[in-house]
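Have a look at the structure below, then the notes.
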Amino acid sequence: MTERKVRVRFAPSPTGALHIGGVRTALYNYLFARQHGGDLIFRIEDTDSNRFVPGAEEYILESFKWLGIPFDEGVSFGGEHGPYRQSERREIYKKYVQVLLDAGKAYIAFDTPEELDAKRAEIANFQYDASTRMQMRNSLTLPKEEVDALIAEGRQYVVRFKIEPDEDVHVNDLIRGEVVINSSILDDKVLYKSADELPTYHLANIVDDHLMEVSHVIRGEEWLPSAPLHVLLYRAFGWEDTMPAFAHLPLLLKPEGNGKLSKRDGDRLGFPVFPLEWHDPKTGEVSSGYRESGYLPEAVINFLALLGWNPGNDQELMSMDELIKLFNLSHCSKSGAKFDYKKGVWFNHEYILQKSDGELAKLFKPVLRENGIDPDAYSDAFLTAAVSLVKGRVNFVKELWEQARFFFVAPLRYAEKDVKKRWSEDTPRIMTELIEVLRGIEDFSSKPSEDIVIGWIAEKGYHMGNVMNAFRLAVVGECKGPHMFDITALLGKEETLARIQRAIDVLK
Ligand code: GLU
C-alpha cells in the first residue's frame, strides 16, 4: 500500500463561541498536518439546524486568524473537495443514504415520537436495535407497497443504520491503543431525517471524511463513544481500506482536576474559556476572550500545546515552528489535562519578555491612549526605554501602564505609608541639597549620575536607604519601580528636579 497523504480536518459545529478545548483540537491537527507536509481542512458541520447560531462561523475563522493557525482548504479557503459546509452537501448525503438502503444496511423507520415514547414506557431500557426493530414500524416490518405509499403521501421518516448484534468492533486509537466494544450495546442510529432532508452528524461526518480523503481524525475525547459506530459505517460503505486513523485527545479538566472544564470555571476563577470575546446573539451575554484579556496569541498557542501533550522532556517554551517539529501523537496523554490557567498567565509573561522593546512599545501605545496619554507626544526611543525598564514586572501589556505611568504623569500624591516611613523632618533639607547635586551633573545618564549621587551621600554621611527612598518617593510617588538612575536618566534633569521640588513643597 502506498503511503497516504496526511489530510486532517477541524470540523466544528457553528453552535456558539469556540471553546478553548476546540482550539486545542485544531492546534494539534495543524501541528500534525504541518509536520507531515499534509493538509488541514476547515469543515463546518451544520446539519443540526436547530443549534445553528449566527456569527459563530465568522467567530471561529477570526479566532484562528488571530492565533496564527491557517487552513489549507475549506470554508472560506476553497479547495477541490467542496463545498465544505455540510448544509450545502445535502444531495451528496442523500446519495450515500440510498447506497446503504439499497445494500440493506439501513432501513426506513416511520415511528412517531409518540410511538417511540410508548415503546419506552412498555420496555425497560428500550433501545432501537436488533432486539426491538422487528416490533417497530419500519421498512423491515411493513410491506414494500405500504412503505412506498407512506413516503408518497409525505409521511415523515428517518433512515436508521442496521447494526448487526454481537460483533466485536475494534477501534485503533493512536493515543488510547485498541478499544473494543460489542455492537449489541449500540442502537440503530438515525442517519437521515426526511423532515429537513439532512443527514445526522454521524453520516455526514463519515461521508465527508471519506470524500475529503481524510487520513487522520484527531478530535476530542467526547467523540470516542461514537467511534465504533463510525468504524461500522466505514465498513458498511466498503471503505475500510481508507478508513482514517483515530486519535481521541484527552479532556480538558477543571483547574482543580475534578471534572470537565466549563465556562462556569472561567467565570468563577476569572479566566477566559474562549479565544475571542463572544457576544451571544440570543442572550446578549458577553463572555471574555483571551485576545481581549490581553493574551498574546503565541502564549495561548504554547500554553494549549502542553495541555495533553509534552515533548518528552521538561521544555516548556516552544515557538510554533518548534511545536511543529516536536509534536507527536504518541506523547499525548490518555488522562485529562488540568486547565492550569495560572500557567497561561506565566506563558504570557514569558512571551512579553521575548518581544523586542520596540514591539512592546508599539503594543503599549493604545494602552497609553486609553489612559489619556497621547503616545505621539513621546519619541519612540522614550517609549521603548520606558517599556524596557518595567516589562519584567508585568504579565499583560495593559499592566505596563500601572508600572510605567510615572514616566508620563508626575506624582500628584505620594503613597502614605512610604511617606510615613521615608519622609522625616530633615528630608526636605536633604532633598534641597540633592537638587543642587543633580543640577551640577553634566552627563545625566544612569551610571555617571549614580556615581555622583552615591558619592555625595557617602561624603555627607547620610543614610543611603533613607535618602534614596525619599528621592524615589519624590520622583515616582511611591517606593517602588526600576533602578532609580535609569528612571531619572529617562525623565531628564529638568523633570527630575521639578518633581523633587514639588515633593518638598507638598510634603514639607
Ligand atoms: N462537529 C463535531 C464537533 O463539533 C466534529 C467531531 C469530529 O471531529 O468528528 O466537534
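Things worth noting here:
- Test result for residue 62, away from the ligand (no atom under 14 Å from the Cβ) and without any contact (Cβ under 8 Å) to a residue 12 or more places away in the chain: no
- Elements of type strands (runs of 3 or more DSSP E) contained in the stretch 158-256, each with 2 or more residues being within 12 Å of the ligand (Cβ to nearest atom): 216-220, 245-249
- Residue 43 being within 12 Å of the ligand (Cβ to nearest atom) and of a type in the set (D, E, K, R): yes
- Count - residues of the stretch 1-30 that are assigned to a helix (DSSP H, G or I) and away from the ligand (no atom under 16 Å from the Cβ): 0
- Among the candidates 481, 477, 465, the residue that is touching a Pro at 6+ places or on another chain (Cβ under 7 Å) and within 19 Å of residue 415 (Cβ to Cβ) is uniquely 477.
- Any chance residue 130 is small (Gly, Ala, Ser) and farther than 30 Å from residue 17 by Cα: yes
- Within the stretch 130-155, tally of residues that are exposed (fewer than 12 other Cβ atoms within 10 Å of the Cβ), in a loop (DSSP other than H, G, I, E, B) and at negative phi: 2
- Test: residue 119 is part of a helix (DSSP H, G or I), under 26 Å from residue 232 (Cβ atoms) and touching an Asp or Glu at 6+ places or on another chain (Cβ under 9 Å): yes
- Residue in the stretch 479-487 that is in a helix (DSSP H, G or I) and among the small types (Gly, Ala, Ser) present: no
- Test set (1) under 16 Å from residue 187 (Cβ atoms); (2) out of contact with any Ser or Thr (no Cβ under 8 Å at 6 or more places or on another chain) - residue 150 fails condition number: (1)
- Residue within the stretch 229-244 that is surrounded by fewer than 16 Cβ atoms within 10 Å (Cβ to Cβ) and over 30 Å from residue 100 (Cα atoms) present: no
- Residues of the stretch 291-304 satisfying the condition of being part of a loop (DSSP other than H, G, I, E, B) and in contact (Cβ under 8 Å) with a residue 24 or more places away in the chain: 291, 293, 294, 295, 296
- Of everything in the stretch 41-59 that is touching a residue at least 60 places away in the same chain (Cβ under 8 Å) and among the polar types (S, T, N, Q), the residue that is surrounded by the fewest Cβ atoms within 10 Å (Cβ to Cβ) is 49.
- Some residue of the stretch 407-420 being under 42 Å from the mean Cα position of the chain (by Cα), under 22 Å from residue 387 (Cβ atoms), of a type in the set (Val, Ile, Thr) and not in a helix (DSSP H, G or I): yes
- Selection status of residue 433, closer than 22 Å to residue 491 by Cα and surrounded by fewer than 17 Cβ atoms within 10 Å (Cβ to Cβ): yes
- Taken as a whole, the condition of being among the polar types (S, T, N, Q) and either over 25 Å from residue 27 (Cα atoms) or crowded, with 18+ Cβ neighbours inside 10 Å (or both) does not apply to residue 330.
- Residue in the stretch 305-313 that is touching a residue at least 40 places away in the same chain (Cβ under 8 Å) and in a loop (DSSP other than H, G, I, E, B) present: yes
- Residue match in the stretch 173-182 (condition: among the acidic types (Asp, Glu) and more than 37 Å from the chain's Cα centre (by Cα)): no
- For the stretch 284-302, taking the residues that are closer than 26 Å to residue 175 by Cβ and either β-branched (Val, Ile, Thr) or modelled with pLDDT under 95 (or both), the one that is surrounded by the fewest Cβ atoms within 10 Å (Cβ to Cβ) is identified as 301.
- A single entry from 155, 219 fulfils the requirement of being under 30 Å from residue 33 (Cβ atoms) and among the basic types (Lys, Arg): 219.
- Yes/no for residue 305 being farther than 30 Å from residue 51 by Cβ and crowded, with 20+ Cβ neighbours inside 10 Å: no
- Residue in the stretch 80-87 that is outside any loop (DSSP other than H, G, I, E, B) and aromatic (Phe, Trp, Tyr) present: no
- Residue check for residue 261: under 17 Å from residue 304 (Cβ atoms) and buried (at least 20 other Cβ atoms within 10 Å of the Cβ): yes
The values are calculated or read from the model by the stated rules, or taken from the named source; none is laboratory data. All figures in this text were calculated on a predicted structure; none of them were measured in a lab. Glycine also receives a Cβ, built like all others from the backbone with ideal geometry; neighbour counts cover every protein chain displayed.
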